[in-house]
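A short worksheet on the structure shown next.
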Amino acid sequence: MPAILHMQDIEKNFPGVKALRGVTFTIESGEVHALLGENGAGKSTLMKILAGAQGKDAGQIRIDGRDVDIRGPLHARQLGIAIIYQELSILPHLSVAENIFLGRLPRMASMPWIVDWKLCCARARELLKQVGLDIDPLIPASRLKVADQQMVEIAKAVSENAKIVIMDEPTTSLTNREVETLFKTVRRLQERGVSIIYVSHRLAEVKEICDRATVLRDGMKIGTVNVAETTSKDWVKMMVGRDLDQLFPKMPVERGKEALRVEGVSSQKLKNVSFSAYEGEILGIAGLIGSGRSTLARTIFGAEARVAGSVNIGGKEAAIASPLEAISQGIALVPEDRKLQGLVLPMTVRENITLAKLGGISRVGQLNLRRESKVAAEYVQALQISTPHIDQKTINLSGGNQQKVVLAKWLYSDAMILIIDEPTRGIDVGARAEIYGLLQQFVEKGKSVIMISSDLPELIGMSDRIIVMHEGRVTAELAPSQFNEELIMTYASGMSH
Amino acid sequence: MNQRENHAKGGPADRLSAPAGAFHLMGRFGDQLVPAIFLIALVITLSLVSPNFLSVGNFLDIARVVSIIGIMAVGMTIVILTGGIDLSVGSTFALASVVAASLIPGSFSDAPRILAFVLPVPFAILAGLLVGAAVGFINGFIIAKSRVEPFIVTLATMAFVRGLTYLFTGGFPTIFRPMPPLFEWFGQGYVLGLPTPTIFFALVVLIGVWITRRTTFGRSIYAIGGNEEASRLSGIKVQSIKIRAYTLMGALAALSGIILASRVGAAQPTAGLTYELDVIAGVVIGGTSLLGGRGSIMSTVLGVFILGVISNGLNIAGVPTYYQYVVKGLLLISAVGFDSYLRKMQRI
């Protein structure tokens with residue numbers, strides 16, 4: 001088969017991080033090609049460059065044998081590249097048809113400044129049929145389920161005559177039935193000669209749908225393999241590049257007293273959630289996006305309201321109505337999105353570390369900057385935060401170091417219970433191991449960690465116990481002997497055994 | 001773990017904290033570099049163009065004139081650092097000045113319904129300051145609790161408070177027959193050869209710098225402006241801090257208003273019209289970002305002086321007021337454009 005796309009020696013640097021170091025990547029026409037790698041391996045960056053969302057620092061891109069210089073997202077689309085992001089880019093208040101033909105609605109032949117709604121509707125309906133969707137194209141996109149919204153994006157790609165469709169973690173929020181529908185559509189596109197780049201963590205899916213797989217690690221290409229001739233174990237070895245034991249510094253810690261008990265907590269998105277966390281324990285929480293995991297964390301932390309239920313700390317009921325009260329009870333939350341929720345980016349490392357405990361560096365409201373610098377330097381040292389100085393703005397740090405600053409903030413606040421949501425999202429492998437080490441040290445001191453993650457190897461590698469959530473409920477509590485990805489996914493997608 | 005502790009015992013921790021002060025100064029200096037250079041270039045140019053510009057008397061004059069706007073600009077900097085804005089400062093300025101003036105012994109107005117009783121001068125001034133603080137508190141309370149845009153809330157109070165001012169005065173100015181000496185000193189006196197408005201401005205700046213750099217309140221202001229959600233999740237009392245910021249703004253607007261009433265010997269219900277423009281312009285030209293979280297009081301001082309020097313220079317050169325508005329507008333646009341360009345470069 002001829003190569004439809006050839007990316008040669010692509011390089012990309014961000015401040016403090018080499019995201020891509022000379023990646024070469026070839027896609028043949030009509031193949032489904034998996035792009036594998038851990039968080040921070042460079043998959044998203046490579047795909048963003050291809051989709052024109054980011055520029056490259058070096059390298060060439062050839063499409064259909066012709067050198068191209070992708071100038072932006074619009075140009076990429078004109079070149080026949082469509083990307084379907086994990087966070088869908090549907091405009092919820094517009095109709096399905098408008099979403100499909102955004103920016104190029106069909107016009108009347110006689111009056112080209114007037115939209116031909118009849119034609120628009122008919123064409124949209126036909127395109128939707130091609131992706132197996134039988135809906136009225138005039139309803140607002142917000143009324144569709146996430147899976148159907150995704151299909152609308154695929155229909156949009158089809159309508160643009162895309163030659164290459166990039167799917168970034170397309171199944172994260174889909175049920176098994178919806179995944180089947182997606183795969184049918186993928187095969188249909190493939191038959192029409194469309195190439196698909198399939199970015200996913202789910203190796204079973206890769207096995208099922210992909211022809212070849214390319215593995216990236218730390219911004220480098222490790223290799224391209226034929227899916228039929230290799231096993232998922234081979235890919236994992238290529239992705240991780242070392243034994244998993246080394247990545248997860250898990251050591252058994254004696255389980256202590258009950259540190260936190262959540263009883264019957266309910267809110268708009270949570271339904272009667274109960275569980276306990278113990279001293280010296282890492283409790284994992286699994287679940288799909290939208291299962292209520294993050295809402296649960298924010299509710300315990302007082303950042304979202306609960307309508308029923310209680311939170312007990314050390315055996316006593318704790319009335320927590322705000323993050324401030326949660327912090328004073330020794331709870332800390334490392335939120336899901338460190339840039340939007342975890343850090344004050346224009347502030348320095350020093351200022352971020354002390355933010356949750358300003359009382360520790362002040363007297364009657366007056367800051368002791370000397371003492372603050374000392375505190376910050378200690379934590380920068382202890383957590384090996386790589387920054388030129390403590391007065392570096394956190395916006396200039398790499399993801400891993402940013403996450404360490406957030407952790408330092410909570411370690412300084414004397415938290416006893418650390419809730420950490422997606423601890424290593426977008427962090428490179430080296431820094432991940434260090435963050436796991438910090439969590440391990442934390443529980444070794446008899447404190448407790450509640451770790452929410454979409455990364456199943458991480459959950460399995462670090463947790464002492466895992467609870468699984470689905471649609472706001474706890475659907476399972478698993479002991480280490482029951483830890484396996486398929487079982488967790490089964491409970492997470494709402495199918496009980 | 002042991003290894004790590006041993007590691008930490010040595011010098012590296014000290015090494016990290018040692019240059020902190022230097023970097024801190026550099027960082028702060030860096031923020032003010034552009035407006036400072038601009039101001040110096042402006043002074044040099046005007047000195048060359050106009051021989052009357054370069055004199056102690058003229059500089060004292062500039063310092064006195066900018067004080068009225070400058071005092072308010074300090075409060076506005078704090079509000080803008082939280083990511084907010086206050087358009088009602090001109091109205092608060094007027095209301096506070098007419099209330100204080102009407103309470104001062106010897107005050108006189110043609111209005112039928114003016115307060116009949118008077119207070120000793122310090123208490124009359126205090127009453128005016130409290131009126132300003134109350135307006136600020138109301139602004140802050142609505143903004144913090146309702147989450148309506150500060151722009152809209154203070155646009156509403158701007159009209160509302162101006163209306164109150166007209167109702168209170170009946171539209172007549174309040175004058176003094178005669179003005180008590182203490183009140184006369186408040187806006188017209190001199191301390192160590194410096195006019196009192198300038199002294200008040202300097203004090204407000206010093207306190208403002210101390211608040212923003214050296215207190216937990218100031219730290220919280222920067223944090224909220226930098227990332228409100230992260231601040232809330234770090235246990236910062238976001239609502240209370242915002243209310244305090246707007247209350248302070250109101251009190252400072254009142255202080256300015258009362259000083260001007262003393263200075264011109266009358267409290268006008270129309271005083272302070274369009275002052276919000278000058279105050280916000282001073283803050284923005286100094287380099288404080290309207291998005292919040294970035295900027296400083298000292299930058300604002302530079303911004304206010306840039307405006308003051310330009311307007312003084314244009315006056316000396318005999319340029320009509322209408323042109324001065326045009327220049328002010330152009331300067332404001334350039335400052336905002338420059339800020340957004342810098343932000344783009346830093347990928348914020």
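Considering all C-alpha pairs of region A:3-241, those separated by over 29 Å amount to 30%.
Put a plus charge on the Cβ of each Lys and Arg, a minus charge on the Cβ of each Asp and Glu, and nothing anywhere else: the dipole of region B:70-273 about its Cα centre is then about 400 debye. Counting only DSSP beta bridges whose two residues both lie in region A:246-492, roughly 55 percent are antiparallel.
In chain B, the longest principal axis of the Cα atoms and the axis of helix B:20-49 are about 50 degrees apart. Note on chain A: antiparallel DSSP beta bridges, both residues inside, total approximately 55 percent of the bridges counted. Remark: relative contact order (region A:246-492) = 29 percent; criterion is Cα-Cα distance under 8 angstrom and separation of 6 or more residues. Mind checking how much accessible area B and A bury in total, 1.4 Å probe, in Å² rounded to 100? Chains B and A together bury roughly 3400 Å² of accessible area. Once both labels are positioned 7 Å from their Cα atoms along Cα-to-Cβ, the gap between B:Y323 and A:L369 label points is 4.3 nm. Can you pick out the pairs among A:K233/A:K269; A:K48/A:K237; A:K56/A:K207 whose Cα atoms lie more than 28 Å from each other? Long pairs (Cα-Cα over 28 Å): A:K233/A:K269; A:K56/A:K207.
Averaged over peptide A:390-400, the number of partner chain Cβ atoms lying within 10 Å of each residue's Cβ comes to 3. As a rough guide to protection, the peptides B:137-149, B:90-102, A:83-95, A:342-354 ranked by mean Cβ packing within 10 Å, highest first, stand as B:90-102, A:342-354, B:137-149, A:83-95.
Legend: mean number of C-beta atoms from other chains within 10 angstrom of residue C-beta atoms, peptide A:359-366, equals 3.
Arrange the peptides A:104-111, A:142-149 so that the one whose residues have, on average, the most other Cβ atoms within 10 Å appears first.
Going from most to least packed, we get A:142-149, A:104-111.
Seen from all directions on average, region A:246-492 presents a Cα convex hull projection of 12.9 nm². Computed over the alpha-carbon pairs of region A:356-437, the distance histogram in 5 Å steps reads 3, 14, 24, 24, 19, 11, 5, 2, 0 percent, short to long. Note that the protein assembly as shown carries a Kirkwood radius of 30.7 Å, evaluated over its alpha carbons pair by pair. Highest mean packing first, where packing is the average number of other Cβ atoms within 10 Å per residue, the peptides B:197-208, A:255-266, A:129-140 line up as B:197-208, A:255-266, A:129-140. Given a cut-off of 25 Å, name the pairs among A:K43/A:K250; A:K18/A:K393; A:K339/B:K242; A:K357/A:K393; A:K163/A:K184; A:K409/A:K447 whose C-alpha atoms lie farther apart than that in the structure shown. A:K43/A:K250, as the Cα separations exceed 25 Å there.
Comparing B:I104, A:I488, B:L126 along the charge dipole axis of the protein assembly as shown, the residue lying farthest to the positive side is B:I104, per the Cβ-charge model. Surface composition of the protein assembly as shown: carbon and sulfur atoms hold 58% of the protein heavy-atom accessible area at a 1.4 Å probe.
Toward the positive end of the charge dipole of region A:292-339, with +1 on the Cβ of Lys and Arg and -1 on the Cβ of Asp and Glu, the farthest Cα among A:T299, A:G315, A:L333 is that of A:L333. Compared with the rule-of-thumb size 2.2 N^0.38 Å for a compact globular protein, region B:233-348 has a Cα radius of gyration ratio of 1.27.
Selection among A:I61, A:M451, B:L203 by position relative to the dipole of the protein assembly as shown gives B:L203 as farthest towards the positive end (Cβ unit charges, Cα centre).
Counted over the protein assembly as shown, the DSSP beta bridges are approximately 60% antiparallel. Just tell me which aspartates and glutamates come within less than 15 Å, Cα to Cα, of A:K129; anything on the same chain fewer than 8 places away is out. Answer for A:K129, where 15 Å is the Cα cut-off: A:D148, A:E153, listed by chain and number. Peptide A:375-381 shows a mean partner chain C-beta count of 5 within 10 Å per residue C-beta.
What is the mean projected area of the alpha carbon convex hull for chain A, to one decimal in square nanometres?
Convex hull of Cα atoms, orientation-averaged projection: 25.8 nm².
The angle separating the long axis of helix B:216-226 from the principal Cα axis of greatest extent in chain B is about 80 degrees. Could you tell me whether region A:139-188 comes out rounded, prolate or oblate from its Cα gyration tensor? Rule is a ≥ b ≥ c as square roots of the eigenvalues, rounded for a/c under 1.5, then prolate if a/b exceeds b/c, otherwise oblate. Because a/c hits 1.5 or more and a/b fails to exceed b/c, region A:139-188 counts as oblate. The distance separating the Cα centre of region B:187-239 from that of region A:89-155 comes to 53 Å.
Could you give the accessible area per residue of the protein assembly as shown, probe 1.4 Å, as a whole number in Å²?
Accessible surface, normalised per residue, equals 44 Å².
Taking the longest Cα principal axis of chain A as reference, the axis of helix A:369-382 is set at about 70 degrees. Seen from every direction in turn and averaged, the convex hull around the alpha carbons of region A:227-322 projects onto 8.9 nm². Dipole magnitude for region A:305-413: computed about the Cα centre from +1 point charges on Lys and Arg Cβ and -1 point charges on Asp and Glu Cβ, it is near 220 debye. Charges were assigned to the Cβ only: +1 to each Lys and Arg, -1 to each Asp and Glu. The resulting dipole of region B:208-290 about its Cα centre is roughly 380 debye.
Once the partner protein chains are put back, region B:200-216 shows a loss of at least 50 square angstrom of accessible area, versus the chain by itself, at B:R214, B:T216 (probe 1.4 Å, ligands and nucleic acids excluded).
The values are calculated or read from the model by the stated rules, or taken from the named source; none is laboratory data. As the structure is a prediction and not an experimental result, all values here were calculated from the model. Virtual Cβ from ideal backbone geometry, glycine too; neighbours counted across all protein chains shown. Accessible surface is based on the protein model in full, side chains and every heavy atom, while ligands, DNA and RNA are left aside. Shrake-Rupley method; radii C 1.70, N 1.55, O 1.52, S 1.80 Å.
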